């Protein structure tokens, strides 16, 4: 590496959960690394992050949760209909954001990792590594650059495959004149829509309530849309949340926190031949069907970090070869095929009207727990995932099956990619 520039083995771009996750895993393995980000990595994160309890149990990280619920349910009743709630039978948790951030950041600090504050604007590669330039002219050399700067990455290239669907949500943490959900309860999806007129239900996008009892008279309520292109505007989600609460006889007393959430769900995979390696949303790790990310970060960061550490220790690997090894570890063939299958499923759901969505989800959560849980957490093998999707098709009502069979968008291209990859 050039001696006239600050140098390291790995330079991580970004300061969010993905950047901290991979940095901490690399720091654990003694990698000489540095971070570069616009924001301070210790700045509080604005959004909440949820996860299924067994995901953290398997990793021994239960202490990272601020809340955990055993009464987890959904409601897929239609207008003027009252069906029994769907009880999921698996704990759900909400991360303590400060504790999760410290879980990663403290390990980076203990290893002496230096974080530079600045905006990365340029990169030049050679066989020995990469030179990154910030907007203010500062430069750094690294054998490997990891772009973990989010869904609109600084350096990563991604093919253009048409409109990107975004899952949008507007929520508030606060106190209310009456409980918006029952005490000790977590509601994953409440698709009841009696607060809307028939014309509104027909014309507008389906949305659902995601809500939880935080204890002490505090609740988190969030109106959420599945992925759509373009995404549902925040104002519309706010209005729907207000009308939903009013219809239930609930008024807001205090607002402690407002949450605005928007993330892409159907991003194609990045170019896996490039010398910059991605992680997190930048590398399309957001689950295309469920939107979950943090569980994947906790599982995948140590795996990727180990491959990178081993590659750095191999003098036979030049920088392009090291990047290829990292990409192969992050997106092996089976995960690429699963990603195509998940995007295929999302293409179908994006076209379902509200009544079909309710039927779909009611059927989906009637699958054996191991199947729907593994589907949502991306922990099924490819044969298990295909088996779960075939079982869903077999037991679904005819209207849901017909929607799955129709070819209206990019489904055929995604299936061809699955076959040809």
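The values are calculated or read from the model by the stated rules, or taken from the named source; none is laboratory data. Nothing here was measured: the structure is a model prediction, and the numbers come from that model. Cβ sites come from the backbone with ideal geometry, for glycine too, and all protein chains shown count toward neighbours.
Kindly indicate which of 26, 59, 20 is touching a helix residue (DSSP H, G or I) at 6+ places or on another chain (Cβ under 8 Å), outside the structural domain of residue 302 (by TED's automatic domain parsing) and at pLDDT 95 or above.
Details: 26 fails: outside the structural domain of residue 302 (by TED's automatic domain parsing); 20 fails: outside the structural domain of residue 302 (by TED's automatic domain parsing).
Of the residues listed, the single one that is touching a helix residue (DSSP H, G or I) at 6+ places or on another chain (Cβ under 8 Å), outside the structural domain of residue 302 (by TED's automatic domain parsing) and at pLDDT 95 or above is 59.
Just to be sure before I move on: is residue 219 assigned to a strand (DSSP E or B), outside the structural domain of residue 24 (by TED's automatic domain parsing) and closer than 30 Å to residue 121 by Cβ in the structure I sent? Working first, answer last.
On the way: assigned to a strand (DSSP E or B): yes; outside the structural domain of residue 24 (by TED's automatic domain parsing): yes; closer than 30 Å to residue 121 by Cβ: no.
The answer is no for residue 219.
Give 7, 82, 74 a once-over and let me know the one that is surrounded by 13 or more Cβ atoms within 10 Å (Cβ to Cβ) and at pLDDT below 95.
Details: 82 fails: surrounded by 13 or more Cβ atoms within 10 Å (Cβ to Cβ); 74 fails: at pLDDT below 95.
Result: 7 is the single residue among 7, 82, 74 that is surrounded by 13 or more Cβ atoms within 10 Å (Cβ to Cβ) and at pLDDT below 95.
Residues in segment 232-266 that are crowded, with 22+ Cβ neighbours inside 10 Å and within 21 Å of the chain's Cα centre (by Cα): how many?
4
If I filter segment 87-98 down to residues being free of Cβ contacts under 8 Å to residues at least 60 places away in the same chain and in a loop (DSSP other than H, G, I, E, B), which single residue comes out as surrounded by the fewest Cβ atoms within 10 Å (Cβ to Cβ)? Can you show your working first?
Taking segment 87-98 as the starting set, the residues that turn out to be free of Cβ contacts under 8 Å to residues at least 60 places away in the same chain are 87, 91, 93, 96-98.
When the remaining residues are screened for being in a loop (DSSP other than H, G, I, E, B), the result is 91, 96.
Values: 91: 20, 96: 16.
Result: 96.
Would you point out the residue of segment 311-325, among those that are touching a helix residue (DSSP H, G or I) at 6+ places or on another chain (Cβ under 8 Å) and touching a residue at least 12 places away in the same chain (Cβ under 8 Å), that is nearest to residue 49 (Cα to Cα)?
Among those that are touching a helix residue (DSSP H, G or I) at 6+ places or on another chain (Cβ under 8 Å) and touching a residue at least 12 places away in the same chain (Cβ under 8 Å), it is 325.
Given 84, 79, which one is assigned to a loop (DSSP other than H, G, I, E, B), without any contact (Cβ under 8 Å) to a residue 12 or more places away in the chain and under 30 Å from residue 252 (Cβ atoms)?
Result of the check over 84, 79: 84.
Mind listing whichever residues of segment 163-182 are modelled with pLDDT under 95, in contact with a strand residue (DSSP E or B) (Cβ under 6 Å, 6 or more places away or on another chain) and assigned to a loop (DSSP other than H, G, I, E, B)?
Answer for segment 163-182, where residues must be modelled with pLDDT under 95, in contact with a strand residue (DSSP E or B) (Cβ under 6 Å, 6 or more places away or on another chain) and assigned to a loop (DSSP other than H, G, I, E, B): 164, 165.
State yes or no: is residue 314 out of contact with any strand residue (DSSP E or B) (no Cβ under 8 Å at 6 or more places or on another chain), at pLDDT 95 or above, within 28 Å of residue 23 (Cα to Cα) and outside any helix (DSSP H, G or I)?
Working: out of contact with any strand residue (DSSP E or B) (no Cβ under 8 Å at 6 or more places or on another chain): yes; at pLDDT 95 or above: yes; within 28 Å of residue 23 (Cα to Cα): yes; outside any helix (DSSP H, G or I): yes.
Against the criterion (out of contact with any strand residue (DSSP E or B) (no Cβ under 8 Å at 6 or more places or on another chain), at pLDDT 95 or above, within 28 Å of residue 23 (Cα to Cα) and outside any helix (DSSP H, G or I)), residue 314 qualifies.
Could you check segment 203-231 and list, in sequence order, the residues that are more than 23 Å from the chain's Cα centre (by Cα) and in contact (Cβ under 8 Å) with a residue 24 or more places away in the chain? Steps first, answer last, please.
Residues of segment 203-231 that are more than 23 Å from the chain's Cα centre (by Cα), as a first pass: 203-204, 215-218.
Selection gives 204, 215, 217, 218.
In segment 22-47, which residues are surrounded by 20 or more Cβ atoms within 10 Å (Cβ to Cβ) and in a loop (DSSP other than H, G, I, E, B)?
Selection gives 31, 41.
Under the condition of being assigned to a loop (DSSP other than H, G, I, E, B) and touching a strand residue (DSSP E or B) at 6+ places or on another chain (Cβ under 7 Å), which residue from segment 183-216 is surrounded by the fewest Cβ atoms within 10 Å (Cβ to Cβ)?
Taking segment 183-216 as the starting set, the residues that turn out to be assigned to a loop (DSSP other than H, G, I, E, B) are 183-184, 191-197, 204-206, 216.
Filter once more, so that each one left must be touching a strand residue (DSSP E or B) at 6+ places or on another chain (Cβ under 7 Å): 183-184, 191-192, 205.
Numbers: 183: 9, 184: 11, 191: 19, 192: 20, 205: 16.
Selected residue: 183.
What is the residue count in segment 382-398 for residues that are closer than 16 Å to residue 289 by Cβ and not in a helix (DSSP H, G or I)?
1
Of all residues in segment 343-373, which are in contact with a strand residue (DSSP E or B) (Cβ under 7 Å, 6 or more places away or on another chain), modelled with pLDDT of 95 or more and in a loop (DSSP other than H, G, I, E, B)?
365
Count, please, the residues in segment 279-296 that happen to be more than 18 Å from residue 56 (Cβ to Cβ), part of a loop (DSSP other than H, G, I, E, B) and either out of contact with any helix residue (DSSP H, G or I) (no Cβ under 6 Å at 6 or more places or on another chain) or without any contact (Cβ under 8 Å) to a residue 40 or more places away in the chain (or both).
Residues meeting the conditions: 2.
Quick check on segment 367-382. Is at least one of its residues free of Cβ contacts under 8 Å to residues at least 40 places away in the same chain, surrounded by fewer than 15 Cβ atoms within 10 Å (Cβ to Cβ) and under 26 Å from residue 229 (Cβ atoms)?
Looking for residues that are free of Cβ contacts under 8 Å to residues at least 40 places away in the same chain, surrounded by fewer than 15 Cβ atoms within 10 Å (Cβ to Cβ) and under 26 Å from residue 229 (Cβ atoms), one finds none in segment 367-382, hence no.
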